[in-house]
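Data block below; observations after.
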Amino acid sequence: MLPALAQPEGSQARLMSVDAATVIRIAKLARIKLAPGEAEPLVGELNGILGWIEQLAEVDTSGVAPMTAVIPNTLRWRADEVTDGGVRDKVLANAPASEIGFFAVPKVIE
Amino acid sequence: MNELNGLTIAAMRDGLRARTFSAVELAEVHIAAVEAARVLNAFIVETPDHARAAAVAADAALADGSARPLAGIPLGIKDLFATAGVQTTAGSKILEGFVPPYESTVTAKLFGDGAGMLGKLNMDQFAMGSSNETSAFGGVISPWRAQGSNRPLVPGGSSGGSAAAVAAGLCAGATGTDTGGSIRQPAAFTGISGIKPTYGRCSRWGVVAFASSLDQAGPMARDVRDCAILLRSMAGFDAKDATSLDVAVPDFEAALTGDLRGVRVGVPREYRLDGMDARVAAVWDEGLRWLRDAGAETVEVSLPHTKYALPAYYIIAPAEASSNLARYDGVRYGLRVAPDGGSLDAMYEATRAAGFGPEVKRRIMIGTYVLSAGYYDAYYLQAQKVRALIAQDFAAAWEHCDVLLTPTAPSAAFSPGDKADPLEMYLNDVFTVPSSLAGLPAMSVPAGLSAGGLPLGLQVIGRPLDEAGVLNAGYALERAAGSTARPDRWW
């Protein structure tokens, strides 16, 4: 879990900046291994970007609905039919490892 | 540039139909040009056999009268489009060796219309970049150089390979994709034209996803007419893309009259930034004069939330990217790095650490952070609300005008390494990002040269689905600007 954060109140609130421990946690959530010493430079880079995007808090968005579609469009209905499949070998063709028709991964059950 | 690979697509089409030259001749000239320009690093993979096969088929079709609109036109394809049987990497090591067993909708439509493929074009990794420097296969070098200088320049990004290849005459036209300016900014940097159509115009099926609510494919070519020709083939409804628009595709080329009588051109006052480059400002003013000469009326408009577009974009795009790029896990395709005796998680972490470049990691981490518990409302939800306000700004502007004219980029091309700070690089997209957030069609047209003799572009933004209006305004600019400057060959 990420550290608890005081929710911004009104337009003047500042979001928290990240520290090395937070960077390591974000990397863990994103499943990106950081080599020793890699987290520290990221603290400055990410804080630079986060500090800059924080200016969005100035905008009064009360009563504004968040955008969900840029161009109005409705989802289409389609018949519930199987229209694809039967291509196992194609699906597996790019796998780094596959065995007897399955993707192969490191052992996950002790 | 040899005379055949300097022609526009329209001129190639005419020459092929008049049998002035054959499609095979045209393909061979381009294949040789690609080989001779390897120093530009524009292609990740060359596919001369694809181009030759399409040329042979085109010559047969031209002879028996069954030729399709792009018969024998040799194109370059950005490496973000899945191409059946041809490596597709999105410029990343994590997809090195990935050979799609399927064809993207856009490339299938182009090839179905008779075009051939010369190769897969280099790009910023996962389309994240404005200079091509984030490609895992080395950056593309622009065919342009400043007057009296040998210093290499970037072609812009992310569709930098496409831009460099078109400008250098390596291909007749190219596909690009645009999330926040990735077609328009490199087009401006290399003196070519490129259009990002309305979101949903071109199918995203088979295009490696970066930020799904923003990604759009579009053509890049040496003039506006060629963009119109290519866009007609690329666009159209596709049931395989849930956001594809089920609307008719007009004949964009037929709309090119250059007559702007009755057209109102908006000039957004917020785009006139403090400390704006004097040449960029002068070219903008000149462009407005040209549009008035073509019959248009110019009117100042306001897009009050413009300054918040970039920060909103740098929340929304990384958030979507962090989700989209979760698929690169070392299991189904691409790179796998599995530490000896390590767990499945250790494999994921090692694979992604080794496969993604620094900018991609940075954006995945920003996206992961802004979507994480406790931060979602403050960052992501607020950004989506600001995005709605930005779209409303444009909607309000359309009450007063039909198209908008702005610069495409704040400067001409720079050199690799000049913008080492990520934030400084992001600011390059200041003029292109707002229309991306609003899903609007927008194009860049070459309009002049910088003090150093490098191309500068102007951007035309239009109403949803009014690509025809955007292209026609671009056409009027192009006609007034006169013959387009081309880079002197040094490679």
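Quick note: the coordinates plus some simple rules give every number you see, no bench work behind them. Please read all numbers here as calculations on a predicted model, not as lab measurements. All Cβ positions, even for glycine, are placed from backbone atoms using ideal geometry, and neighbour counts span all protein chains on display.
For chain B, the relative contact order works out to 18 percent when only alpha carbon pairs closer than 8 Å and six or more residues apart are counted. Here the label points at B:Ala480 and A:Asp60, each 7 Å from Cα along the C-beta direction, are separated by 3.9 nm in the simple model.
Model label sites at A:Asp80 and B:Ala84, defined 7 Å from Cα along the beta-carbon direction, differ in position by 3.1 nm.
Between B:Asp340 and B:Asp49, the FRET efficiency estimated from the beta carbon spacing at R0 = 30 angstrom works out to 0.15.
For the range B:36-63 versus the range B:425-472, the spacing of their alpha-carbon centroids is 29 Å.
Positive end of the dipole of the range B:272-354 (Cβ unit charges, origin at the Cα centre): among B:Pro304, B:Leu325, B:Gly287, the Cα lying farthest that way belongs to B:Leu325.
Sites listed here are trypsin sites (Lys or Arg not before Pro) in the range B:7-38 whose DSSP assignment is loop and whose Cβ has at most 15 other Cβ atoms within 10 Å: B:Arg19.
Debye-formula intensities of the protein assembly as shown, expressed as log10 I(q)/I(0) at q = 0.08, 0.10 Å⁻¹, are -0.53, -0.85 (one equal scatterer per alpha-carbon, no solvent).
If only the Cβ of Lys and Arg carry +1 and only the Cβ of Asp and Glu carry -1, the dipole of the protein assembly as shown around its Cα centre is close to 360 debye. Computed over chain B, the percent of Cα pairs more than 28 Å apart is 48. Taking the Cα centre of the range B:269-319 as reference, the dipole from Cβ charges on Lys and Arg (+1) and Asp and Glu (-1) amounts to some 120 debye.
Each of B:Ala42, B:Ala388, B:Pro100 was placed along the dipole of chain B (beta-carbon charges, centred on the mean Cα), and the one lying farthest toward the positive end is B:Ala42. Of the trypsin sites (Lys or Arg not before Pro) found in the range B:243-285, the ones in coil according to DSSP and having at most 10 other Cβ atoms within 10 Å of their Cβ are B:Arg261.
Exposure proxy shown here: for B:His30, B:His305, the number of other Cβ atoms within 10 Å sets the order, fewest to most, as B:His305, B:His30. With all projection directions averaged, the alpha carbon convex hull of the range A:33-93 covers 10.5 nm². Note that the range B:36-185 carries a Kirkwood radius of 15.4 Å, evaluated over its alpha carbons pair by pair. Dipole check for the range B:52-164: with +1 at the C-beta of Lys and Arg, -1 at the C-beta of Asp and Glu, and the Cα centre as origin, the magnitude is about 240 Debye.
In plain terms, the residue of B:Phe356, B:Phe237 with the fewest other Cβ atoms within 10 Å comes first and the most crowded comes last, giving B:Phe237, B:Phe356. Our Cα-only numbers for the range B:3-71 put the radius of gyration and Dmax at 12.6, 40 Å. The mean count of C-beta atoms from other chains within 10 Å of the C-beta of residues in A:43-51, rounded to a whole number, is 4.
Extension gain, B:Ser66-B:Ala281: 0.36 nm per intervening residue step, less the Cα-Cα distance, totals 72.6 nm. Each residue in B:Ser92, B:Ser302, B:Ser244 was given a count of other beta-carbon atoms within 10 angstrom of its own, and listing them fewest first yields B:Ser302, B:Ser244, B:Ser92. FRET efficiency for the B:Ala242 to B:Ala373 pair, using the beta carbon distance and R₀ = 30 Å, is estimated at 0.60. Using a simple spin-label model with pseudo-atoms 7 Å out from Cα toward Cβ, B:Arg292 and B:Arg264 lie 1.7 nm apart.
Based on the Stokes-Einstein relation at 37 °C and a viscosity of 0.692 mPa s, and on the Kirkwood radius from alpha carbon pairs, the range B:344-491 is assigned a translational diffusion coefficient of 175 µm²/s. Cα centroid separation, the range A:83-106 to the range B:118-140: 29 Å.
Sparsely packed loop sites in the range A:9-94 (the GluC sites (Glu not before Pro) outside DSSP H, G, I, E and B with at most 10 other Cβ atoms within 10 Å) comprise A:Glu9, A:Glu81.
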